[in-house]
Amino acid sequence: MEAPVTLIEHITASQRQYPLATGAFTMLMEAVALAAKIIAHEVNTAGLGRLIGLSGRRNVQGEEVAKMDEFANATFVHTLTRCGEVCALASEELAVPIRLPGVPDPAHYAVVFDPLDGSSNIDVSVPVGTIFGVYRRVSAADGLGAVEDMLQKPRALVAAGYALYGSSTNFVYSTGRGVHGFTYDPTLGEFLLSHSDIRVPARGSIISANLAYRPRWEPDTERGISSLLEPSGSDTRYSLRYVGSLVADAHRTLLKGGLFLYPADRNSPQGKLRLLYEAGPFAYLFENAGGKATDGRQPILDKQPETLHDRTALIIGGREDVDAFLNGAQST
Ligand code: P6P
């Protein structure tokens, strides 16, 4: 049996397609993968450890911060800072960005991340995840990175991915040449290639949304969802699955197709999910896997973030499912 392909082997091989590659990106991804392994260990033993429950702190979003959120954030900050290839970091858990000099030379990458999305689910063993996006530096490369290195449209991402801490630990990433999934083997301490070149089925049979909020949705969103769930003259061909943990819901949608939507509503007119480190990376992944990502009016990839913590509506899924929703939403 052929030896399995590790994540770093896969990244190194992909970097050979870039003649000017210096290995900096590979070093950065090794730091991301190390952080994911460390977090996976803590999440998988959360029920036994000291990291269960709330930290007593609120983040910039005003949300209660779990102890595991703080641990995951600190882990990413440490590994990404140490790798020396990152000029700036933005995290859901940090009110302001971290600006770094890059060691030994000025660093050329900025990283945005949600260190542990859905952490309120940990106490009940629901899968949670880490989401990250990598931008190439745009500020003058002669010192600390700057916030504008991260305030770029998701279409400018050079890489994005996520780790899913569930029944197994998955790591999915793209650098724009396909989307590839890995499964963690704790005995080897490696992420091993398990889903090469993931393609989102154009048409699936699952809709994923928090329908308890349906009464608050905008009329076009209601038209779109009812065109799929209550099509005129026939039964729906969809079933509902909603974990309430973005990485888990998005991962299932990426592999099986269908539709995930977290639209804007009266309580959250800009939407709940964050553009920079939640919607943007998933939009990059879905579009690179042949799927589609929109806020209901424009591609997520084309949205210009004004601040690090901008929110957006998010609709992702198979191309035909998203188009069917949009057609229903726009029907009069
Ligand atoms: P709701 C978790 O808090 C999160 O940020 C995402 O992981 C998830 O998709 C969403 O919020 C769930 O939100 O309002 O349905 O509980």
Task: Calculated [θ] (222 nm, deg cm²/dmol) that DSSP helices of n ≥ 4 give over the chain, each run adding -39,500 (n - 2.57) - done: -8500 deg cm²/dmol
Task: Unit charges on C-beta of K, R, D, E only; dipole of the range 206-330, Debye - done: 260
Task: Under 5 Å, built H, 5+ apart or other chain: amide partners of His195 - done: Gly181, Phe182
Open item on the list: In whole percent, and with a 1.4 Å probe on the protein chains, what portion of the accessible area of the range 224-296 is carbon and sulfur?
Closed with: 47
Open item on the list: Spelling out what I want: for every residue of the range 201-218, take phi, set θ = phi - 60°, compute 6.51 cos²θ - 1.76 cosθ + 1.60 (Karplus), and round to whole Hz; glycine and proline get x.
Closed with: x, 4, 9, x, 9, 10, 10, 10, 7, 8, 5, 5, 8, 3, x, 8, 5, 5
Open item on the list: In whole Hz and in residue order, list the ³J(HN,Hα) couplings for the range 139-156 that follow from phi through the Karplus curve 6.51 cos²θ - 1.76 cosθ + 1.60, θ = phi - 60°; x for Gly and Pro.
Closed with: 7, 4, 7, 10, x, 5, x, 9, 4, 5, 5, 10, 7, 10, 4, x, 4, 7
- [ ] Take Glu42, Glu148 and sort them by solvent-accessible surface of the protein heavy atoms, 1.4 Å probe, largest at the top.
- [x] Glu148, Glu42
Task: Accessible-area value, Lys272, 1.4 Å probe, nucleic acids and ligands omitted, Å² - done: 80
- [ ] Over the range 1-47, with every protein chain in place, what whole percent of the accessible area is carbon and sulfur at 1.4 Å, could you tell me?
- [x] 61
Open item on the list: For the chain, take the longest principal axis of its alpha carbons; what is the angle in degrees between that and the long axis of helix 319-330, to the nearest 10 within 0 to 90?
Closed with: 50
TODO: Decide, for the range 7-195, between rounded, prolate and oblate: order the square roots of the alpha carbon gyration tensor eigenvalues as a ≥ b ≥ c, take rounded if a/c falls under 1.5, and otherwise choose prolate if a/b is larger than b/c, else oblate.
DONE: oblate
- [ ] State in Å² the accessible area per residue of the range 169-239; use a 1.4 Å probe, count heavy atoms of protein chains only, and round to the nearest integer.
- [x] 47
Open item on the list: Tell me whether the range 1-102 comes out rounded, prolate or oblate; compute the Cα gyration tensor, take square roots of the eigenvalues as a ≥ b ≥ c, and use a/c under 1.5 as the rounded threshold.
Closed with: oblate
Open item on the list: Please list 3J(HN,Hα) in residue order for the range 97-114, calculated via the Karplus relation 6.51 cos²θ - 1.76 cosθ + 1.60 where θ = phi - 60°; whole Hz, with x for glycine and proline.
Closed with: x, 9, 10, 10, x, x, 9, x, 9, x, 7, 10, 10, 10, 10, 10, 7, 10
Open item on the list: Compute the orientation-averaged projected area for the range 206-330 from the convex hull of its Cα atoms and round it to one decimal in nm².
Closed with: 7.1
Open item on the list: Past the 32 angstrom mark, what percentage of all C-alpha to C-alpha distances in the chain do you count?
Closed with: 26
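The values are calculated or read from the model by the stated rules, or taken from the named source; none is laboratory data. Predicted model only: the values in this text are computed from it and were never measured. With ideal geometry, Cβ positions are generated from the backbone for all residues, glycine too; neighbour counts draw on all protein chains shown. The protein model used for the area step is the full one, side chains on, heavy atoms only, and it has no ligands, DNA or RNA in it. Shrake-Rupley method; radii C 1.70, N 1.55, O 1.52, S 1.80 Å.
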